[in-house]
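Beneath this line is the structure, given in structure tokens, with notes to follow.
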């Protein structure tokens, strides 16, 4: 039986397929990174979301001596009434506007998150003094900013205020205890006068 001659190997094609494979793998890595980033972001505001907050808090706990991290827990005052008066579409627009404003007001090393609903969180550095400074700047700016919305009779204006709870991060904390205590401090600010800051 006469064997069939073997086809010569096409070295160029083999090299080309390897090159294409490497290119495809690089493209897949880029897509994976993009998907991972999307999973960390809030759809409405573009800020980081609550899922990503835990990771950032765990990282902050490793740098307590270096950065003196603290957490701001921010809640819009009387936002339910705003939604009822102007509708949820306008409410979404306002949340987006507030999120963008917070992102503009924080420092380079600070990180803003939308925690959910009308709640925002900012992870800051500089201990209590740094947290109070950033929190007061956000509170004052939001109070003084008229938010233009489309009302039933044309252009309308909404004025907002926020209540802010502050919790300095300490040794032995967990992400849950940090969030819970900052949240409690925020509710204490609401009980007092609203439109103010309270440190836990």
Quiz item: Just checking, how many residues over the range 37-55 are assigned to a loop (DSSP other than H, G, I, E, B) and free of Cβ contacts under 8 Å to residues at least 60 places away in the same chain?
Solution: 2
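Go through 121, 98 for me and flag whichever is over 17 Å from residue 80 (Cα atoms) and at pLDDT 95 or above. Break it down into steps so the answer makes sense when it comes.
Values: 98 fails: over 17 Å from residue 80 (Cα atoms).
One residue alone meets the criteria, 121.
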Quiz item: Going by the structure shown, is residue 140 without any contact (Cβ under 8 Å) to a residue 24 or more places away in the chain, more than 15 Å from the chain's Cα centre (by Cα) and farther than 21 Å from residue 157 by Cα?
Solution: no
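Can we say residue 106 is within 21 Å of residue 49 (Cβ to Cβ), in contact (Cβ under 8 Å) with a residue 40 or more places away in the chain and touching a helix residue (DSSP H, G or I) at 6+ places or on another chain (Cβ under 9 Å)? Walk me through it before giving the result.
Details: within 21 Å of residue 49 (Cβ to Cβ): yes; in contact (Cβ under 8 Å) with a residue 40 or more places away in the chain: no; touching a helix residue (DSSP H, G or I) at 6+ places or on another chain (Cβ under 9 Å): yes.
No: the conditions fail for residue 106.
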Quiz item: Can you pull out the strands (runs of 3 or more DSSP E) entirely within the range 103-196 that have at least 1 residues that are buried (at least 21 other Cβ atoms within 10 Å of the Cβ)?
Solution: 111-116, 119-124, 162-168
Quiz prompt | In the range 56-102, the residues that are surrounded by 17 or more Cβ atoms within 10 Å (Cβ to Cβ) and not in a helix (DSSP H, G or I) | solution = 68, 69, 70, 71, 72, 73, 74, 75, 76, 77
Practice problem: Could you tell me which of the residues 156, 129, 65 is in contact with a strand residue (DSSP E or B) (Cβ under 8 Å, 6 or more places away or on another chain) and either closer than 22 Å to residue 46 by Cβ or assigned by TED's automatic domain parsing to the domain that holds residue 192 (or both)? | Solution: 156
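The values are calculated or read from the model by the stated rules, or taken from the named source; none is laboratory data. Note that the structure is a prediction, hence the values are computed from the model and not measured. Every residue, glycine as well, gets a Cβ built from its backbone with ideal geometry; the counts of neighbours run over all protein chains shown.
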